[in-house]
Every structure is written in C-alpha cells, then in structure tokens.
Amino acid sequence: MSQTPTRPDVYISADVETDGPIPGPYSLLSFGLVAVGRYDGWQFDRWPARQQTFYRELRPISDDYEQEALDVNGLDRKRLVNDGADPAEAMSEAAAWIREVSAGARPVLVAYPVAFDWAFLYWYFERYADTGSPFGHSSCLDIRTHYQAIAGTVFDRSGKAAMPDFLQPASPHTHDALDDAVEQGELFANLIAWSLRRRAQLLHGSDDDPRAPNWLAGHVVPLV
C-alpha cells in the first residue's frame with residue numbers, strides 16, 4: 001500500500017433541524033458544523049470536538065411546517081421568522097467557513113443519516129450561497145454505512161444501538177444542531193480510529209482472518 005498522500009480529506013460533521021421532511025416546501029431552521037479532523041489516507045489527525053464549529057438559526061422560507069418536527073427540535077419558529085438569519089447570508093458564511101477549515105484538502109460532509117442532512121444543506125447551499133456548495137455535488141459519507149462496511153453487518157444491525165460501547169460518543173444527542181454535530185463527529189472519529197487499527201492489525205499480522213465478514217468477532221483491543 002502506497003504511503004504517498006494525495007489530496008487529504010477534512011471531515012465536517014453536520015446536523016440540521018428543520019420544520020418538515022424536504023427542502024423547498026419546508027425550511028431549514030438551524031444547522032451545526034464541526035470540523036472533525038484531517039485524513040491523508042494513512043494518518044488521521046483528530047481535532048478537539050469543539051475547536052472549530054459553525055452554527056446558525058435561519059429565517060423560514062415558506063409558511064408550511066409540520067408541528068411534529070418542531071416538537072422534536074424545540075425551536076420557536078415564530079421567533080425565527082423575525083430573528084432568524086437570512087438564508088443567503090448564513091449559507092454564504094458557512095461555505096466560506098468550510099473552505100477555510102479545509103484549505104488544501106477536500107471537505108467531506110459526514111452525518112447520521114447523511115441523506116437527510118445532505119438534502120437540506122446541498123439544496124440550501126446551491127440555492128442561497130454565493131459560491132454554491134463547498135462540498136460539490138457528492139462529497140459526503142454516511143456514518144452508519146461506514147460502520148456497516150467495517151463491521152461486516154447488515155443494515156438492520158448497523159444503527160447506533162448496535163454499535164459496541166468503545167465506539168459510542170461521550171457527547172449527548174440533544175436535538176440541538178451543534179450538539180448533535182459534535183456527537184456525530186465523535187462517533188465518526190472513533191470509527192476512523194477503529195478502522196485504522198484494524199488495517200494495522202491486518203497489515204502487520206494478527207489472529208484474525210481478513211476474509212471474515214465481521215471484524216467485531218475478532219476485536220480484543222479496546223479503543224483508546
């Protein structure tokens with residue numbers, strides 16, 4: 001395996017809170033971004049959880065909303081109509097922040113599940129940011145899928161509840177967009193560390209059979 005680095009990745013954990021299931025008819029009300037770390041294909045430089053963050057609450061873009069979504073995130077939609085940030089300003093500022101923290105690298109959005117957060121953020125970046133999406137049209141990773149690939153499990157056994165304790169984040173899940181981006185970032189960083197440890201074991205020899213589909217079965221070293 002070559003150790004010559006190409007353009008590294010900078011992973012940015014993202015979480016959104018909305019007033020409905022899809023962007024356009026419904027609004028992005030808040031989002032949090034956390035710079036997780038830098039990875040060159042060989043080494044992962046993990047950054048402190050709240051060292052580099054971005055958070056905004058936005059003014060709704062339509063009159064439609066689902067009360068169930070507001071009950072979950074606890075945001076005051078009426079307040080945001082008056083006090084929320086202008087979407088164009090917020091998304092342009094976020095795009096600039098992402099490009100700054102990922103200078104010299106590819107910014108990659110990570111989330112759990114990525115499909116929901118990506119749908120809102122990509123749509124808002126493309127519609128409102130003066131430079132469009134800083135992630136392009138596809139630079140994203142799903143945390144659940146990443147775990148499934150490492151562990152060799154099926155989708156139904158790849159949720160957070162099925163993950164071993166040594167991977168679980170210390171930060172709570174609060175439905176605050178920044179808190180949840182921090183939590184997801186910790187989980188993703190733990191997964192990266194675990195995958196690199198597994199790679200080192202396979203490259204340098206271990207008792208594990210590399211053909212085995214489930215690496216959990218052979219895991220004996222706790223994550224530190």
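What number in nm² do you get for the chain if you take the convex hull of its Cα atoms and divide its surface by four? Don't skip to the answer; put the middle values down first.
Details: hull surface 51.8 nm².
Across all orientations, the chain yields a mean hull projection of 12.9 nm².
Determine the dipole magnitude for the chain: charges of +1 sit on the beta-carbon of Lys and Arg, -1 on that of Asp and Glu, nothing else is charged, the reference point is the Cα centre, and the result goes in debye to the nearest 20. Walk me through the numbers before you get to the answer.
Working: 19 positive and 32 negative charges, 196 e Å.
The dipole magnitude comes to about 940 debye.
Taken together, the values in this text are just the output of simple stated rules run on the coordinates, not laboratory data. Since the model is a prediction, treat every value here as computed from it, not as a measurement. Cβ coordinates were reconstructed from backbone atoms using ideal geometry, including for glycine residues, and neighbour counts include every protein chain displayed.
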